[in-house]
Amino acid sequence: MTATTAEDGFTATLYRGRWVFLRFAAYLGAMAGIAAMAKFGVGAYEENAFLYQILSMKGLIWGGTGALAGCGLAIVGSVMKPTLPDAKMARNFAPWLDGFLLMVILASVWALFEPAADQISYENQSNLFSGRVIMAMNVIFIFSAVSYIAYLFAPESFIGRIATWSAYAGIYLGGSALLLRWHESYLFDMEIGHAPVSNLYEVFILLCCITAAVYLALEKRYQAKAMGAFVMTLVSAAVFFDVWLASVGQGDIKPLVPALQSYWMKIHVPMNFVGYGSFAVACGAGMAYLFRHRLEAKGGTSKMLKIFPSLDQLDQLAYKAVAIGFPAFTLATILGAAWAAEAWGGYWSWDPKETWALIVWMIYGAYLHARVSHGWHGKALAWWAVAGFLVTVFCFLGVNMYLSGLHSYGRLS
Amino acid sequence: MPRMQTFPDLLKTLWQRVGSMSLAIILLVVLSIASVIGTVLLQNQAQADYLQQFGPLWYWVFRSLGLFDMYHTWWFISMLGFLMVSLTSCLWRNIPKMLKEMRTRKVPVSDKALKRFQHLHEWHLPAGVGVEALQEAFRQRLDGWEFKASEQGGNHYLRADKGRWNKWGYILVHAAILVILVGGWIGSEYGFRGNMAVPEGASENEIDFLQGTETGHLTMPFYVRCNSFTIDFFPTGAPKEFRSNLTIIDHGKEVLTSDIIVNEPLYYKGVRIYQASFGDGGSDVTLKLYHLDGTGAITTAKTQVYETWTDKKSGVSLTLTDFKPYNVENMADPGQPKDFKDLGPAVIYEMRGPGMNPVKIKAFMNPFIGPDGDNRGSFLMVSSTGDKADYKALSLGIDLTNPNEWRLFHAFMKHLGEAHKRTQDSARAAFQAAMYDVFGRDKAKWPKNFQAMAMRTLQAVRVLPSLQWPMLPMLVDYKQHYYTGLQLAQDPGMNIVWLGSAMLVFGLCIMFYMPHRKLWLVIRPAQGRMHISLAGMVNRNHLVFTKYFHDVFTKLDQDFGEIKS
């Protein structure tokens, strides 16, 4: 595992020094501008028009002003402290935001392929273009998983590249499909429009994309390609679940129940899935660890071992994923509490979903403590990462399916 | 035999054990497992439901353990308390150490310790290379690091630190959990949260809340009046918005009038008022009573939901329990895709009377219209136990909204009774006679769909005479009044919880993303050569640091090469 530092040409310039810093500042500024529009703008935040508030002239002015202000601050900052543009944060986050921008552009392109207005009906949503993009995402993710598994048995670099690139493609398809769905929800009726994070079908697409993205970020930095077979298998399982959901009619766009009509939903839900996705990657790393451990125990000197990261590295990767997921999950839970305080009259009600979120949090908290204390070794922790993810799955799926409570709108009906 | 411990020693050991990492892990796991119980067992339901569900023995066991309100039992609270003690002990013991470690940076490293570093790189340069030049190259390569130099026994040590304050992350995170728990405790001790149902036009100042298994009451320092409650719908028929227009009345004065919806509460005098639910607030309903004594008499009853209306003559009483303007029901057969349909307004009442078993009835205003638009007559949902699951649909046959059908039914019954024998022919003749009675002899003036009417009347003949009730009360008119279900809450601990939450997130970021990295450049002149060691250490993120360390020594390799030549 060595560093990927050698990049060249245009992309290298794009991701180096002040350009990436300036871009990052502009993104942050634009986001702050949109947030300010929702809070202070004329007409402020409207649940059923937010997408078009962003995409309208008003959004352009608020967001654009924010971006310019961000750039200005960045320039002032870098004049005052010349080392500021070298900050790692900009280099780490800018590619994600670039990717998001690309998704927005892709979604705008997809929107051109939408059926004519008179052919769009709420009762039969099968002709919407997002359905096709999602189907493409499903196929690509499964293809990617197969390629990663093939790579384990035939470690040719081109197979590995195909696997990685198809995973990237899947993320862009899924992300842009979700954005497109947001737009489509307005096509039935402006009143129905809402952000595409409101039911199991939509959040599972989100989960697939975030899991793959967190994994690819780790793969890029640490060349842990062998882990992909495990993570992408988990993603494929989610894909199959989503296909099943669509087949039982859970994939349709439905109007938002009053409890969910809040800007908190747009922050709380995606943040939660950053947590869940990272825990899925940690689970993949844990499985890879156990797999390699077994191979080694058999005394194998197979080809497979050569491409596998070492046990120590896999252990570190699982930790790395938890280190991304744990703060995100903590923040998501706190955001959820803030929403609950605003909507239900109390930040904590011991509702099953809340309680299970706490359980997940405590389990990963215990994982982090166990790592620091001495008695625990790699194998036990790898099992812990796998078991922790099972609990996580129950938290975001089982609770909705089997337990009642305030989150029961996420239920299968 | 172990050495006897004195009591203070024992206390000290105990205090250390309480704050230990293994205990923290055990506590977290035990708390997780305990929390599961309360999510599987529905909390704070009616005691009768629990008794029915578990039987007397298990009900008694679960109740003694407090499992029906698990998160407020002494044992669960004490576990949280124990977590606080453990955290305090951990912080108490570690904060001074951590602060000291952060403040003082020991520069010299012994040769033995140097060998044990995980990250170590060595150079051997000829003597005469300037120490300052080497150290300067090291400083130049580490931008934004803190340096501290020292010389000992002819060796030159230069220590560099980045993220020296990382330990503050630990302190913040652990203190944050203490702060959150304290905030939660203050909230539960000095705050309140309860429900209030205010009918439209009425005002209320008392909230109800669950206290263990009992209901407690609390009087607010002001009245809340509900001016109106409205429901908005999506074009699909799903509810879009629940909106209450409220007026706060403080000491007899109207001080504030405002709308609230779900997600947008009202704030007054430290109390937040939330839109939580709604229900019937005593709607005015008009019932037509179709007497089943064979006379065909129809009388009218005007009453309200939650009232009991009594018929003086027959002694029949109707207790109205609810009214619903919409009744969306699944019309599909079990196993088929769901097909929701609004059956229109309905009133729910309990009917009691001499010589009959009490019965709970949901009476719909409109007749049931089949999938092909065919009228299938008026219908009821009947439950003999009053339980929702026991409701069974009862089709009455005739459409009672059409007075002619009620007359036709009675005429038919009369003519059927007159016939000597019950054959198909006599029934047909009886029906024809009944039609003549109701609609006249001119068949051209008969309603077009009289055949469907005949089918319905035949159905009614099968059903109505077998009913044991003296009358059929049907809904004919209503004026709806809602009540709005409000939740009122005050939580003085909330801001403390938010403070703790901010500390938690902030601390986690420091802890995970700003690891404390340490690098040493050790220069030891010996045997006419310079031994130079670069040693590195990090408390987290080993993968990144390995890369970074590799970067640094490759760059220093270049620099040292230039210095040498």
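The values are calculated or read from the model by the stated rules, or taken from the named source; none is laboratory data. The structure presented is a predicted model; accordingly, all values stated were derived computationally and were not measured. Cβ: placed from backbone, ideal geometry, glycine included. Neighbour counts: every protein chain shown. Surface areas here come from the heavy atoms of the whole protein model, side chains and all, with no ligands, DNA or RNA. Shrake-Rupley method; radii C 1.70, N 1.55, O 1.52, S 1.80 Å.
Restricting attention to region B:34-47, and to residues there that are within 9 Å of chain A (Cβ to nearest Cβ) and under 17 Å from B:Met79 (Cα atoms), which single residue is most open to solvent (accessible area, probe 1.4 Å)? Of everything passing the filter in region B:34-47, B:Val36 is most open to solvent (accessible area, probe 1.4 Å).
Taking region B:219-240 as the range and being at the interface with chain A (Cβ under 9 Å from one of its Cβ atoms) and buried (at least 18 other Cβ atoms within 10 Å of the Cβ) as the test, the residues that pass are B:Phe234, B:Lys240.
Based on what the data block shows, is B:Phe439 open to solvent by less than 80 Å² (accessible area, probe 1.4 Å), closer than 20 Å to B:Arg376 by Cβ and more than 52 Å from the chain's Cα centre (by Cα)? Walk me through how you get there before you give the answer.
On the way: open to solvent by less than 80 Å² (accessible area, probe 1.4 Å): yes; closer than 20 Å to B:Arg376 by Cβ: no; more than 52 Å from the chain's Cα centre (by Cα): yes.
Here the answer is no, as B:Phe439 does not meet what is asked.
For A:Ala154, indicate whether it is open to solvent by less than 60 Å² (accessible area, probe 1.4 Å) and touching a helix residue (DSSP H, G or I) at 6+ places or on another chain (Cβ under 8 Å). No: the conditions fail for A:Ala154. A:Asn127 meets each of the listed conditions (1) among the polar types (S, T, N, Q); (2) open to solvent by 30 Å² or more (accessible area, probe 1.4 Å); (3) in a helix (DSSP H, G or I) apart from (3).
Step by step: first the residues of region B:306-334, then only those that are open to solvent by 80 Å² or more (accessible area, probe 1.4 Å) and more than 18 Å from B:Asp280 (Cβ to Cβ), then the one that is modelled with the lowest pLDDT. Which residue is that? Result: B:Pro334. How many of the residues making up region B:86-117 are among the hydrophobic types (A, V, I, L, M, F, W, C), surrounded by 15 or more Cβ atoms within 10 Å (Cβ to Cβ) and farther than 18 Å from B:Met511 by Cα? Total meeting the criteria: 4. Where helices (runs of 4 or more DSSP H) sit wholly within region B:61-164, those with at least 2 residues that are more than 30 Å from B:Leu28 (Cα to Cα) and away from chain A (no Cβ under 14 Å) occupy B:111-115, B:131-141. Exactly one residue out of B:Val497, B:Val505 is within 14 Å of chain A (Cβ to nearest Cβ), more than 24 Å from B:Trp165 (Cα to Cα), touching a helix residue (DSSP H, G or I) at 6+ places or on another chain (Cβ under 6 Å) and not in a strand (DSSP E or B), and it is B:Val497. Comparison of B:Leu287, B:Leu266 shows that the only residue that is modelled with pLDDT of 90 or more, of a type in the set (A, V, I, L, M) and over 15 Å from B:Ala363 (Cα atoms) is B:Leu266. Scan region B:208-216 and give yes if some residue there is among the aromatic types (Phe, Trp, Tyr) and free of Cβ contacts under 8 Å to residues at least 40 places away in the same chain, otherwise no. Scanning region B:208-216 turns up at least one residue that is among the aromatic types (Phe, Trp, Tyr) and free of Cβ contacts under 8 Å to residues at least 40 places away in the same chain. Quick check on region B:378-385. Is at least one of its residues over 32 Å from the mean Cα position of the chain (by Cα), of a type in the set (S, T, N, Q) and within 17 Å of B:Gln459 (Cα to Cα)? Within region B:378-385 (the criterion being over 32 Å from the mean Cα position of the chain (by Cα), of a type in the set (S, T, N, Q) and within 17 Å of B:Gln459 (Cα to Cα)), the answer is yes, since at least one residue qualifies. Would you call A:Ser247 over 21 Å from the mean Cα position of the chain (by Cα) and either farther than 30 Å from A:Ala318 by Cβ or not aromatic (Phe, Trp, Tyr) (or both)? Yes, satisfied.
Here's the yes/no breakdown for (1) modelled with pLDDT under 80; (2) within 24 Å of A:Gly336 (Cα to Cα); (3) open to solvent by less than 20 Å² (accessible area, probe 1.4 Å):
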| residue | (1), (2), (3) |
| --- | --- |
| A:Ser373 | yes, no, no |
| A:Gly378 | no, no, yes |
| A:Gly388 | no, yes, yes |
| A:Ser404 | yes, yes, no |
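Going by the conditions given, is B:Pro325 of a type outside the set (Val, Ile, Thr), within 14 Å of chain A (Cβ to nearest Cβ) and out of contact with any Cys (no Cβ under 7 Å at 6 or more places or on another chain)? So B:Pro325 fails the test.
Put simply, of B:Leu519, B:Leu488 the only residue that is open to solvent by less than 30 Å² (accessible area, probe 1.4 Å) and closer than 30 Å to B:Leu178 by Cα is B:Leu488. Of all residues in region B:243-281, those being open to solvent by 40 Å² or more (accessible area, probe 1.4 Å) and in contact (Cβ under 8 Å) with a residue 60 or more places away in the chain number 4. Consider B:Ile207 carefully, then state whether it is in a strand (DSSP E or B) and surrounded by fewer than 18 Cβ atoms within 10 Å (Cβ to Cβ). No; evaluated as a whole, the condition is false for this residue. For region A:349-362, filtered to residues that are surrounded by 22 or more Cβ atoms within 10 Å (Cβ to Cβ) and within 7 Å of chain B (Cβ to nearest Cβ), the residue that is farthest from B:Ala24 (Cα to Cα) is A:Pro352. What are the residues in region A:185-230 that are farther than 29 Å from A:Ala318 by Cα, among the small types (Gly, Ala, Ser) and open to solvent by 20 Å² or more (accessible area, probe 1.4 Å), if any? Once the filter is applied, which keeps residues that are farther than 29 Å from A:Ala318 by Cα, among the small types (Gly, Ala, Ser) and open to solvent by 20 Å² or more (accessible area, probe 1.4 Å), region A:185-230 yields only A:Ser198.
Within region A:75-111, the set of residues being open to solvent by 90 Å² or more (accessible area, probe 1.4 Å) and under 20 Å from the mean Cα position of the chain (by Cα) comprises A:Met89, A:Arg91, A:Phe93, A:Trp96, A:Phe100, A:Ile105. Exactly one residue out of B:Thr300, B:Thr236, B:Thr215 is at pLDDT below 85 and part of a strand (DSSP E or B): that is B:Thr215.
Among A:Ala370, A:Ala340, which is over 19 Å from B:Val497 (Cβ atoms), within 14 Å of another protein chain (Cβ to nearest Cβ) and not β-branched (Val, Ile, Thr)?
A:Ala370
Condition check ((1) without any contact (Cβ under 8 Å) to a residue 24 or more places away in the chain; (2) aliphatic (A, V, I, L, M); (3) exposed (fewer than 14 other Cβ atoms within 10 Å of the Cβ)) across all residues:
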position: B:Asp9; (1), (2), (3): yes, no, yes
position: B:Lys12; (1), (2), (3): yes, no, yes
position: B:Val18; (1), (2), (3): no, yes, no
position: B:Ile25; (1), (2), (3): yes, yes, no
position: B:Ser32; (1), (2), (3): yes, no, no
position: B:Asp49; (1), (2), (3): yes, no, yes
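Selection of region A:342-353 for residues being part of a helix (DSSP H, G or I) and over 11 Å from A:Trp264 (Cα atoms) yields A:Pro352, A:Lys353. Of all residues in region B:522-550, those satisfying the criterion of being open to solvent by 20 Å² or more (accessible area, probe 1.4 Å), away from chain A (no Cβ under 14 Å) and at negative phi are B:Arg524, B:Pro525, B:Ala526, B:Arg529, B:His531, B:Met537. Pairs linking a residue in region A:56-73 that is under 14 Å from A:Tyr45 (Cβ atoms) to a residue that is not β-branched (Val, Ile, Thr), with Cβ atoms under 6 Å and 6 or more positions apart or on different chains, are A:Gly59/A:Gln53; A:Trp62/A:Gly33; A:Trp62/A:Met37.
The residues listed here are B:Gly66, B:Gly55; of these, the one that is surrounded by 14 or more Cβ atoms within 10 Å (Cβ to Cβ) and at positive phi is B:Gly66. Somewhere in region A:317-337, is a residue polar (S, T, N, Q), open to solvent by less than 10 Å² (accessible area, probe 1.4 Å) and more than 20 Å from the chain's Cα centre (by Cα)? No - not one qualifying residue is present in region A:317-337.
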